[in-house]
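Student: Mind looking over this structure? Questions follow.
The values are calculated or read from the model by the stated rules, or taken from the named source; none is laboratory data. Treat the numbers as computed from the prediction; the structure is a model and nothing was measured. A quick note on method: Cβ atoms are made from the backbone with ideal geometry, for glycine too, and the neighbour counts reach across all protein chains shown. The area values use the complete protein model at the heavy-atom level, side chains included, leaving out ligands, DNA and RNA. Shrake-Rupley method; radii C 1.70, N 1.55, O 1.52, S 1.80 Å.
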Amino acid sequence: MNTDFVSIGLTNPKSTSNVGSVMRAAGCYQVDQVLYSGQRYDRAAKLSTDTKKAHVSIPLINIASLGLDELIDAVDAQTKIVCVDLIQGATPLPAFEHPEKALYVFGPEDGTISQKVVDRADHVVFVPTIGCMNLAASVNVVLYDRLAKSSRAVADDELIRSSKDVNNNVKVRTKRA
């Protein structure tokens, strides 16, 4: 029985393209819900980069009335809070073991996660890059890492056939000796 439950928490995102790309990643990696705080995103809510329309099947919920602090209080005891940001003392992502049930909290494009939320987190991790990555890129990398380290990592031609674009009919041919 699959007990995984994955939520993404976005701290006051400002870019509709980033949120749209996060939604696309959420669909690709089977995230259960995406939550966000703040009001900046609501001013321009068109999901222009959610080309797979993940927002139709994955809830995108503004928790402005709740806030991330209160959201942490509301998650069940089995859900681990994982802050993802360039924070001193954080665990590098390659060394991190993902929990079955997780709320991954990401900082805003032009800031960071509050100290109060970091202090309450079960884990704090960072993607070891030189410089900071784009919000949506960070979400993609973390979700890919979770998948790659899990037993759900299926990598075969059936997955490719069910996932590829209708315009993609290219195949790997055997190499000549």
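Student: As a test question: what accessible area, to the nearest 10 Å², does residue 29 have when a 1.4 Å probe is rolled over all protein chains in place?
Tutor: Taking all protein chains as shown, residue 29 has close to 50 Å².
Student: Which of 101/171; 149/175; 80/149 have a Cα-Cα distance over 27 Å?
Tutor: From 101/171; 149/175; 80/149, over 27 Å: 101/171; 149/175.
Student: Hey, what's the stretch 73-138 come to in accessible area per residue, 1.4 Å probe, Å²? List each step's numbers first, then the result.
Tutor: On the way: 3500 Å² over 66 residues.
Each residue of the stretch 73-138 exposes 53 Å² on average to a 1.4 Å probe.
Student: Please compute the length gained on full extension between residue 130 and residue 147, using 0.36 nm multiplied by the number of residues separating them and subtracting their Cα-Cα distance.
Tutor: Here the segment from residue 130 to residue 147 would lengthen by 3.8 nm.
Student: Let me ask something additional. When only the heavy atoms of the protein chains count and the probe is 1.4 Å, how do 126, 5 rank by accessible area, highest first?
Tutor: On the way: 126 55, 5 75 Å².
Largest to smallest exposure gives the sequence 5, 126.
Student: Another question, then. Rank 132, 83 by accessible area, highest first, at a 1.4 Å probe radius?
Tutor: Working: 132 115, 83 0 Å².
Accessible-area ranking of 132, 83, largest first: 132, 83.
Student: Now a separate question. Tell me the carbon and sulfur percent of the accessible area for the stretch 73-177, rounded to whole percent, probe radius 1.4 Å.
Tutor: Answer for the stretch 73-177: carbon and sulfur cover 53 percent of the accessible area.
Student: Residues of the stretch 123-146 with amide nitrogen under 13 Å from the 7 Å Cα-to-Cβ point of residue 95?
Tutor: From the stretch 123-146, the list is 124-128.
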